[in-house]
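The structure under discussion appears below in the form of structure tokens.
The values are calculated or read from the model by the stated rules, or taken from the named source; none is laboratory data. Computed from a predicted model, the values in this text were never measured in an experiment. When we count neighbours, we look across all protein chains shown, and the Cβ atoms used for this are built from the backbone with ideal geometry, even at glycine. Ligands, DNA and RNA are excluded from the accessible area calculation, which covers all protein heavy atoms including side chains. Shrake-Rupley method; radii C 1.70, N 1.55, O 1.52, S 1.80 Å.
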Amino acid sequence: MAATVGLPPDVPRLIDRALAGSEREMLVATVQRTCQPVYLPDWRAPELEPRLTAWWELLEGLAVRAIANLPLKFQGRSVGVLSLAFPEPTEFGASLQDALELIANHLAANVGAALDRQALRRDRAFQDRLIAHAPWAIAYIDRDRVYRLVNDAWCSLSGLSREEAVGRSYAELFPEPNPRLEAVFEFGRTVTVTGLPMYPDPDDPGRLRHWDATYCPVPGEAGEIAGVLVMGAETTDRQRLLEAERERAEAAESASAFKDGFLAILSHELRTPLNAITGFGSLLLDGTPAEPLPEQVPYLERVLQGADHLVSLIDQLLDASRIQAGQLRVHLREFDVATVIRTTCSQAASRFADAQVTLIVDVPDDLPPLLADDHRIAQVVDNLLSNAAKFTPPGGTVTVLARADGGHFLCEVADTGSGIPEERLETVFDLFVQLDMSSTRVHGGLGLGLAIMRALVEAHGGEVGVRSHLGSGSAFWFTLPVGVTPASELADQVSR
């Protein structure tokens, strides 16, 4: 800002243009930076610095002899510089300086206020842009339930334009009452809702669009509730995904129930003829009503073996179904685990003899009793023996080892078979995973035995594991806790 005293009115403009370089920086910028006035009573005075001589031609042409530069200070900050030019040498005495500073202070107050208003307008415009382009729906409703502000996202969600919404009441725009909005006005507390069906879907008029919304009270100057700020985001896609997922879960549960019922019926229908085959086959083999011919005995034995195999497959399917449904049951009682293991090995001896595999049983007599389901533990051991017999070549060895130490019982079945690839070890205990997955596999089975074994052992509070290397055999093991199980754990285990 520049002014002249006794000079043509265009002098400030010419000075400003001429002093736009280093000379202007020397005076104006210094005044603005230091907030201290600079007075030049006579620019021709010999004590002035030589660099002012660069102004001589300009100042002589403008008939300027004295210059005063005063800072414009507003609320502790510089908002500009007042530059005054005089045609005659001027002594800037105390009274003149006071008068000039008074003028500068008055100008500074006006300039500062104008700059503040300009900054406020910029801030408000920036805030308006932030709200307008925010990805969340935003609306403000005053105490009369009239919309005073809505942004682009709210318009997109509601299907209304700003012109249609602002200045109109909630009841005019939406016929259904909003209890959440009224609760905020009544109690002054924030209300948050999720998955709220609110606005009609333009792509499907029969359905509503969903959103998550938060209703916040906005206090007035006297502490009253002046209005409610509503913020939210559309969740229609998420809600429909949740509905689809719920429908799929219900369908899966229905299919699982149907499968369980089907397996139960299938088990009953298959067991009836299998019981007849097993019963009458046993009678024929025992000589009822007449002794079988020697050449008939192997065939009858094959019939009984096949029937027993089918019964075993049916039992495995039922157990697998119970595992998936979380309904596997164990019945705990104290028993002699050494006797159970030896008996199971004895019953499997013919299986190893037929496979020409040596079975070694290393089970000491002094094993402590276990609190477990003896029939299920026998089933676990039999599953391990069955796998070992299938995958150990003729001339190989299977070793059954049992030990108890440190409050835990360990049983391990090790073979000298072909072993399991390392990448398969993590999945061998999963349902329907077969150890031999090749297209030329010669070993039967549904891939359920090891999965059932793990479920049974874990139902007793134990663990399962395997060690194996290709070409050097495998060792499957399981552990069980030894001693009396606390009542709380017992109840939990029995319900599993």
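Sort all Cα-Cα distances of the stretch 104-262 into consecutive 5 angstrom bins from zero, then give the percent of pairs in each bin up to the one containing the longest distance.
Percent of pairs per bin, in order: 2, 8, 12, 16, 15, 11, 8, 7, 6, 5, 4, 3, 1, 1, 1, 0, 0, 0, 0, 0.
Can you pull the accessible area of His331 for me, 1.4 Å probe, Å² to the nearest 10?
130 Å²
Considering the stretch 331-416, what Rg and Dmax in Å follow from its alpha-carbon atoms?
Computed over the Cα atoms of the stretch 331-416, radius of gyration and Dmax are 13.0, 39 Å.
In Å², what does the accessible area per residue of the stretch 288-339 work out to with a 1.4 Å probe?
Counting only protein heavy atoms, the per-residue value for the stretch 288-339 is 64 Å².
At what distance in angstrom do the alpha carbon centres of the stretch 446-460 and the stretch 297-326 lie from each other?
Answer, in whole Å: 16.
Could you rank Leu370, Leu120, Leu304 by how accessible they are, 1.4 Å probe, largest area first?
Most to least solvent-accessible, the answer reads Leu120, Leu304, Leu370.
At a Förster radius of 51 Å, what calculated FRET efficiency corresponds to the Cβ-Cβ distance of Cys35 and Arg240, to the nearest 0.05?
After rounding, the FRET efficiency stands at 0.20.
Grab the beta carbon distance between His309 and Glu426, set R0 = 30 Å, and tell me the FRET efficiency rounded to 0.05.
The value I calculate is 0.55.
Can you pull the Kirkwood radius for the stretch 235-374, inverse mean 1/r over Cα pairs, to one decimal in Å?
About 19.9 Å, per the Kirkwood formula over Cα pairs.
So what's the projected area for the stretch 131-201, the Cα convex hull averaged over all directions, in nm²?
For the stretch 131-201, averaging the hull's shadow over all directions gives 5.0 nm².
Calculate, in nm to one decimal, what Ala249 and Gln324 gain on full extension: separation in residues at 0.36 nm each, minus their alpha carbon distance.
25.6 nm
What per residue convex hull volume, in Å³, comes out for the stretch 247-294 when only alpha-carbon positions are used?
Hull volume over Cα atoms, normalised by residue count, gives 63 Å³.
Quick one: accessible surface of Arg124, probe radius 1.4 Å, all protein chains present, in square angstrom to the nearest 10.
Here the residue's solvent-accessible area equals roughly 140 Å².
Using a 7 Å offset from Cα along Cα-Cβ at Ile103, what residues in the stretch 64-78 end up with backbone N under 20 Å from the label point?
Label zone hits: 64-74.
Keeping every protein chain present and rolling a 1.4 Å probe, give me the accessible area per residue for the stretch 116-258 in Å².
In whole numbers, the stretch 116-258 has 63 Å² accessible per residue.
Between Leu317 and Leu293, what length in nm is gained on full extension when 0.36 nm per residue of separation is reduced by their alpha carbon distance?
5.0 nm
On a 1.4 Å probe surface of the protein chains, which of Trp477, Trp43 comes out largest in accessible area, and what is the full order?
Per-residue accessible area, sorted high to low, gives Trp477, Trp43.
Of all alpha-carbon pairs in the stretch 266-329, indicate the percentage at a distance above 20 angstrom.
Percentage above 20 Å: 41.
Extent of the stretch 231-314 along each principal axis, from alpha carbon coordinates, in Å, largest to smallest?
Largest first, the stretch 231-314 extends 90, 18, 11 Å along its Cα principal axes.
For an R0 of 60 angstrom, estimate the FRET efficiency from the Cβ-Cβ distance between Ser78 and Leu208 and round to the nearest 0.05.
Efficiency computed from Cβ-Cβ geometry: 0.55.
Where Rh is the Kirkwood radius over the Cα pairs of the stretch 206-266, the temperature 20 °C and the viscosity 1.002 mPa s, what D in µm²/s does Stokes-Einstein return?
For the chosen part, D equals 136 µm²/s.
With every protein chain left in place, what is the accessible area of Glu163 in Å² (1.4 Å probe, nearest 10)?
150 Å²
Can you give me the distance in nm between label points at Leu263 and Ser282, each placed 7 Å from the Cα along the Cα-to-Cβ direction?
So the two model labels end up 2.6 nm from each other.
Please work out the C-alpha center-to-center distance from the stretch 85-109 to the stretch 361-391 and express it in whole Å.
Taking the Cα centre of each part, the stretch 85-109 and the stretch 361-391 sit 110 Å apart.
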